[in-house]
Amino acid sequence: MVSTNVDLNAKIPNNVGLSDDVKLQRALETWLPSYLEWWNDMGPSDFADKPVFLRTAVSVDSDGWAHYDHVKMPDYRWGIFLNPRAEESIIRCGDEAGKAAWTEVPGEHRNALRRIIVTQADTEPASVEQQRLLGHIAPSLYDMRNLFQVNVEEGRHLWAMVYLLHKYFGRDGRDEADELLQRRSGDPDKPRILGAFNQPCDHWLSFFAFTMFTDRDGKYQLAALSQSGFDPLARTTEFMLTEEAHHLFVGETGMDRIIKRSAELEKLDPDGDIRRAGGIDFDLIQRTINYWFTYSLDLFGGEISSNAADFFATGLKGRYREDRYEEHKAMGVTYRLPVVEDGRLIDRDVPMRNAMNEVLRDNYITDCERALRKWNRTLEESGSPTRLSLPSRRFHRHQGIYADHSFDPQGNLVDRARYEANKRSWLLTPADNDYLLSIMKPVYEPGKFANWIAPPNKGIEGRPAEFEYVRLND
Ligand code: BYC
């Protein structure tokens, strides 16, 4: 039962009528201690006893679902929320488009749906693990609070997916939910499922690039899943998207504030040497963009994918804003794609359904290009001659048709030797990480910001920058 009313007093806050489903309630309450154990081991290191100015979901109404208060992270109310819908849900795409959506899992789609949900679910705890040490080198209390907000909401997103696994996939679903707490980001023996979620994110430049580029993949994947013919998945992901917007804001503005500060430091130093002034030089920022943007491109899967074609044909996963398309079957149409043949790039037409990963990647890249234009405006306004750019979608890929070839950031095919000789100037290096860690010292005084980042334009929920977003002295 989905309603706009949230049972906030329940052990697991929800609007899915959990108290009426005793079996499910018990299963989730059994999972809860394991989750808390995982949070204690792998969530933000330390700061568990410090009150953080967090927003908590208290309803699913579009106006006013969030409540802000100082809360200790372990007391955060992780809950299960589904967006209610006024109209009857339909299958939005594929061969069955227009028919009533499924409220239970159709037997023939069970494996595919479980795989989609597990893959999505796995990213949520992974990102928390990747970011667990960042509180110790936070550039301000404002940023520290944003980090912890992102972390608790990723934890809630895991809950959202685990609810689906427990409710709709029986024993298999419960096993999958347990395994989600056993895999670990970067662990060679039991890694997280998708590549980007096993890369280290141990300083704030990577954190902002991750929330800018990798969380943005999350936005597009969730948007595609919110078009699913499996109604509980569609509604769950729709509500997750409302929380996701803040994560993207943190990433996009975080990068912008670093770029702004670097431009200021460039002017302050007599030789324009940003590093000598303790800041982050633009080449290093560009290498970081190249690194996280390309790992995030991989998250869309292969350019030519029979999985993607099946997901679309069966109505399990739509396109970004499927409702805005006039036609929902995508049959008899093709997508033009440069492929490597005989050592050259040649355009080939592939059936549109097989190119659905690429269609979604196009939407994502357009959005990233918009952010780059914004950052370049910041540079222009600061009087800096530098301009930043996105590398080609073919560069530094580990998935799909370009993964077995080498490309330069402009997308030209190059031989392996040339790629290897240049990769240190194209991608984040261990020396870059050492430098970044050397300048990232914690700044815990309210209203103060590290030298390498500009303050934000405004605070959170109308509070000033000097507000004590995390009460470290309590
Ligand atoms: N790394 O047909 P293919 C988020 C595998 S992020 C490793 O080309 P498909 C978030 C693939 O599993 C959003 N392996 O791709 C962000 C398959 O393996 P099997 C997460 C990869 O299936 C920040 C094989 O390669 N959302 O929410 O069409 C913080 C060939 O697959 C990768 C979802 O994942 C990779 N990058 O598309 C917190 C949505 N890419 O089966 C959260 C659900 C592919 O041959 N998932 N492979 O062993 C999906 O829709 C699809 O599974 C994918 C892949 C888009 C991920």
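The values are calculated or read from the model by the stated rules, or taken from the named source; none is laboratory data. Because the structure is predicted, anything quoted here is derived from the model rather than measured. In this analysis, Cβ positions are derived from the backbone assuming ideal geometry, glycine residues included, and neighbour counts consider all displayed protein chains.
Considering the conditions (1) more than 22 Å from the chain's Cα centre (by Cα); (2) hydrophobic (A, V, I, L, M, F, W, C); (3) closer than 18 Å to residue 376 by Cβ, residue 277 is excluded by exactly one of them, (3).
Of all residues in region 114-152, those satisfying the criterion of being more than 10 Å from the ligand (Cβ to nearest atom) and of a type in the set (A, V, I, L, M) are 133, 134, 137, 138, 141, 144, 147, 152. Only a single item in (1) among the basic types (Lys, Arg); (2) free of Cβ contacts under 8 Å to residues at least 40 places away in the same chain; (3) assigned to a loop (DSSP other than H, G, I, E, B) is not met by residue 115, and it is number (3). Give the number of residues within region 304-337 that are on the phi > 0 side of the Ramachandran plot, touching a residue at least 60 places away in the same chain (Cβ under 8 Å) and surrounded by fewer than 16 Cβ atoms within 10 Å (Cβ to Cβ). Selection size over region 304-337: 1. Considering 170, 155, the condition of being within 20 Å of residue 33 (Cβ to Cβ) and modelled with pLDDT of 95 or more is satisfied by 155 alone. Of all residues in region 156-185, those that are closer than 23 Å to residue 131 by Cβ, assigned to a loop (DSSP other than H, G, I, E, B) and touching a residue at least 24 places away in the same chain (Cβ under 8 Å) total 4.
Does residue 402 count as in contact with a strand residue (DSSP E or B) (Cβ under 9 Å, 6 or more places away or on another chain), crowded, with 16+ Cβ neighbours inside 10 Å and either without any contact (Cβ under 8 Å) to a residue 40 or more places away in the chain or farther than 30 Å from residue 322 by Cα (or both)? Answer is no for this residue. Taking into account only those residues within region 210-247 that are polar (S, T, N, Q) and more than 10 Å from the ligand (Cβ to nearest atom), which is farthest from residue 309 (Cα to Cα)? Top of the filtered list is 242. The number of residues in region 68-83 being within 25 Å of residue 164 (Cα to Cα) and surrounded by 15 or more Cβ atoms within 10 Å (Cβ to Cβ) comes to 9. Determine whether residue 353 is basic (Lys, Arg), in a helix (DSSP H, G or I), closer than 18 Å to residue 297 by Cα and touching a residue at least 40 places away in the same chain (Cβ under 8 Å). Taking the combined requirement at face value, the residue does not satisfy it.
For region 189-205, the set of residues classified as touching a helix residue (DSSP H, G or I) at 6+ places or on another chain (Cβ under 9 Å) and either among the polar types (S, T, N, Q) or away from the ligand (no atom under 11 Å from the Cβ) (or both) consists of 190, 198, 199, 200, 202, 203, 204, 205, listed by residue number.
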